[in-house]
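Have a look at this one.
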Amino acid sequence: MLQIDPWQLILAVAGLISAFATMVWLFGTILVRQFKSQLDQRFSTIQDDISQRAQEETDVARQIRNFEREFLLFQRDMPVQYVRREDYIRGQSVIEAKLDAIYSKFESVMMRGTRHD
């Protein structure tokens, strides 16, 4: 039969425990490094997305400002370039009334001219 001294048994068990603990520590370290690298990658991706969205928002804000400026210019120039329907009708009515008055005068002159002949 094989005889082992107690101190040899204790040393063997302590060696196994320390080897197991070292192995667990190494695996834990590897897992933590992988986890950290994945987190760093995710954070960098998120940061890139945030930067891209911020740039897009800046571009959209610039486009909105340009649109507002163009719209204000359009509003400023619109009365100069366009005539309202009511104003056009009023102007036409005045012109037609003046033409009718001229026609009436011309007709009366024509009538007087035919009487004197």
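The values are calculated or read from the model by the stated rules, or taken from the named source; none is laboratory data. These numbers come from a predicted model, not from an experiment. Every residue, glycine as well, gets a Cβ built from its backbone with ideal geometry; the counts of neighbours run over all protein chains shown. Just so you know, the surface numbers come from the protein's heavy atoms only, side chains and all, with ligands and any DNA or RNA stripped out. Shrake-Rupley method; radii C 1.70, N 1.55, O 1.52, S 1.80 Å.
Which percent of the accessible area of the chain is formed by carbon and sulfur heavy atoms (probe 1.4 angstrom)? Write out the running numbers ahead of the final one.
Numbers: 7330 of 11530 Å².
Carbon-and-sulfur percentage of accessible area, whole number: 64.
Which one is right for this structure if Cα Rg over 2.2 N^0.38 Å is calculated from it: (1) 1.10; (2) 3.64; (3) 0.95?
Recomputing Cα Rg over 2.2 N^0.38 Å here picks out (2).
Shifting gears a bit: So which chymotrypsin sites (Phe, Trp or Tyr not before Pro) in the stretch 73-106 end up in coil per DSSP with only 12 or fewer other C-beta atoms within 10 Å? Mind showing how you got there, number by number?
Values: sites: Phe74, Tyr82, Tyr88, Tyr103, Phe106; in loops: Tyr82.
The qualifying sites are Tyr82.
Let me ask something else about it. If one takes the longest principal axis of the Cα atoms in the chain, at what angle in degrees, from 0 to 90 and to the nearest 10, does the Cα axis of helix 85-116 lie?
10 degrees
Could I ask something else about it? Working from Cα positions, state the angle (0 to 90°, nearest 10) between the long axis of helix 6-81 and the longest principal axis of the chain.
Its long axis makes an angle of about 10 degrees.
For the chain, what does -39500 (n - 2.57) per DSSP helix run (n ≥ 4), summed and divided by total residues, give at 222 nm, in deg cm²/dmol to the nearest 500?
Working: 2 runs with 108 residues, N = 117.
Taken over the chain, the calculation gives -34500 deg cm²/dmol.
Full-extension gain between Val80 and Val13, please, as 0.36 nm times their residue separation minus the C-alpha to C-alpha distance. Walk me through the intermediate numbers first.
Numbers: separation 67, 0.36 × 67 = 24.12 nm, distance 9.93 nm.
So the chain would gain 14.2 nm between Val80 and Val13.
Moving on. Measuring with a 1.4 Å probe in the full set of protein chains, what accessible area per residue, in whole Å², belongs to the chain?
Numbers: 11530 Å² over 117 residues.
For the chain, the per-residue accessible area is 99 Å².
Still on this model: When the chain is fully extended, how far beyond the present Cα-Cα distance does Met111 get from Glu70, taking 0.36 nm per residue of separation? Intermediate values should be presented prior to the final figure.
On the way: separation 41, 0.36 × 41 = 14.76 nm, distance 5.94 nm.
Fully extending the segment from Met111 to Glu70 adds 8.8 nm.
Under a point spin-label approximation (7 Å from Cα along Cα-to-Cβ), what is the Tyr88-Asp49 distance to one decimal in nm?
5.4 nm
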